[in-house]
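**Student:** One structure is given below, represented as structure tokens, and several questions about it will come after.
Derivation of every value follows stated rules applied to the coordinates shown; laboratory data play no part. Computed from a prediction, not measured in an experiment: that's the story for all the values here. Virtual Cβ from ideal backbone geometry, glycine too; neighbours counted across all protein chains shown.
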Amino acid sequence: MSKPVAVVVGVGPGIGAAVGKAMAARGYAVALLSRSGGFTDTLSTTIPGSRAYRCDVTDHASIEAAFRSIATDLGPVDALLYNAGSGKFTGIDDTSLEDLEHAWRINTWGLMACAKECLPHMKARGGAIVVTGATASLRGGLRTTAFAQAKAAQRSLAQSMAKQLGPLGVHVALVIVDGVVDLPRTRAMMPDKPAEFFLAPDDIAKSVVHVVEQPRSAWTFELDLRPHIEKW
């Protein structure tokens, strides 16, 4: 029997890599998607049953090509983990219209485009779509002019998808990451912060896997994750 297939979109050294490893450990064949490769090429050699694919989530042709390759190499997608996210952190005076649109395309447009590639199989057989969200999806800030609107739109899209697709057996969920993810660059930026200040990518991944595997009688739509000392 072939393995179920998980696609992780937006794989870097933090959440994306951790989710890819965690899904592979649960018996999935894992597709690791990133725009430039390099890191994912190396990562795929360390995760049994995984493959790296190039994918620009702002380009429909790139998305279609990536998912065609995945279908040929691994099979139809059972779990989509959408971790792609980006935005310029500036106020309105320093945020261009292009910045606003680019953040929306990565966070929201790309989610919908990737989901559409998976839905024919998921509607027939069931599946899960789990989106990495952010606190900015719930409120704007002084320097989140582009980012907050994109994450808010992403949250609304995920909610609409969840309401429509849930009765068809497709579990759509949003994991809101509230805090600073533990990465070498974030540690370097905040050298005075204790280890417990940061969110560990492996711990985030455990929660994502839990959501993917939840029984249908008790599905989560929105899950907040934050360190125990985070103020909120």
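**Student:** Within region 180-227, track down each residue that is more than 21 Å from Gly20 (Cα to Cα) and among the small types (Gly, Ala, Ser).
**Tutor:** Scanning region 180-227 gives Ala188, Ala195, Ser217, Ala218.
**Student:** Of a type in the set (Gly, Ala, Ser), buried (at least 21 other Cβ atoms within 10 Å of the Cβ) and out of contact with any Pro (no Cβ under 7 Å at 6 or more places or on another chain): is that true of Ala188 in this structure?
**Tutor:** no
**Student:** Another one. Name, by its number, the condition in (1) assigned to a helix (DSSP H, G or I); (2) within 24 Å of Ala61 (Cβ to Cβ); (3) in contact (Cβ under 8 Å) with a residue 60 or more places away in the chain that does not hold for Gln159.
**Tutor:** So Gln159 meets the others, but not (2).
**Student:** Continuing with this model, one more query. Looking only at helices (runs of 4 or more DSSP H) that lie completely in region 1-106, which have at least 2 residues being on the phi > 0 side of the Ramachandran plot, surrounded by fewer than 22 Cβ atoms within 10 Å (Cβ to Cβ) and among the basic types (Lys, Arg)?
**Tutor:** Details: elements: 15-25, 39-44, 60-73, 97-104.
Once the helices (runs of 4 or more DSSP H) in region 1-106 are filtered for at least 2 residues that are on the phi > 0 side of the Ramachandran plot, surrounded by fewer than 22 Cβ atoms within 10 Å (Cβ to Cβ) and among the basic types (Lys, Arg), nothing remains.
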